[in-house]
Amino acid sequence: MATPIGPEAQRPNPALERLAPLIGRWRTTGTHQLVPGTTFHGRTSFEWHEAGAFVEMRTEIEEPEIPSAVAIIGSDDSAGTLTMLYFDERDI
């Protein structure tokens, strides 16, 4: 059996603990100022990634023109900030 690469980086990040209430699967409802009068419905999930080193977010809206997305949330401990890397299905 191969030894995992980088297991020391796979540890809970205390800076992300404040996001713990989001962990789970959610039904979503929202509006957007560029599409007045429209209510969008979808779902979003938040999960711990790499044993809690990051939070992974996945989102899907039930409208074909709204892209599905995935994001990874981490922290910059020296700045005291959270950062999100966001990706979606658009080709831009």
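The values are calculated or read from the model by the stated rules, or taken from the named source; none is laboratory data. This one's a predicted model, so the numbers in the text were calculated from it and none came from an experiment. Cβ coordinates were reconstructed from backbone atoms using ideal geometry, including for glycine residues, and neighbour counts include every protein chain displayed.
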Residue check, VAL70 modelled with pLDDT of 95 or more, surrounded by 13 or more Cβ atoms within 10 Å (Cβ to Cβ) and in contact with a Lys or Arg (Cβ under 6 Å, 6 or more places away or on another chain): yes
Enumeration of residues in the stretch 1-37 that are exposed (fewer than 11 other Cβ atoms within 10 Å of the Cβ) and under 19 Å from THR81 (Cβ atoms): PRO14, GLU17, ARG18
Count of residues meeting criterion [assigned to a strand (DSSP E or B), over 8 Å from the mean Cα position of the chain (by Cα) and more than 15 Å from ARG43 (Cα to Cα)] in the stretch 54-85: 8
Answer from PHE54, PHE40 - the residue that is among the aromatic types (Phe, Trp, Tyr), surrounded by 13 or more Cβ atoms within 10 Å (Cβ to Cβ) and closer than 27 Å to LEU16 by Cα: PHE54
First in the stretch 23-44 and of a type in the set (A, V, I, L, M, F, W, C) and outside any strand (DSSP E or B), second anywhere and surrounded by 11 or more Cβ atoms within 10 Å (Cβ to Cβ) and at pLDDT 95 or above, Cβ under 6 Å, 6 or more apart: ILE23/PHE46
Index of the failed condition, GLY52 passing every other in (1) at pLDDT 90 or above; (2) on the phi < 0 side of the Ramachandran plot: (2)
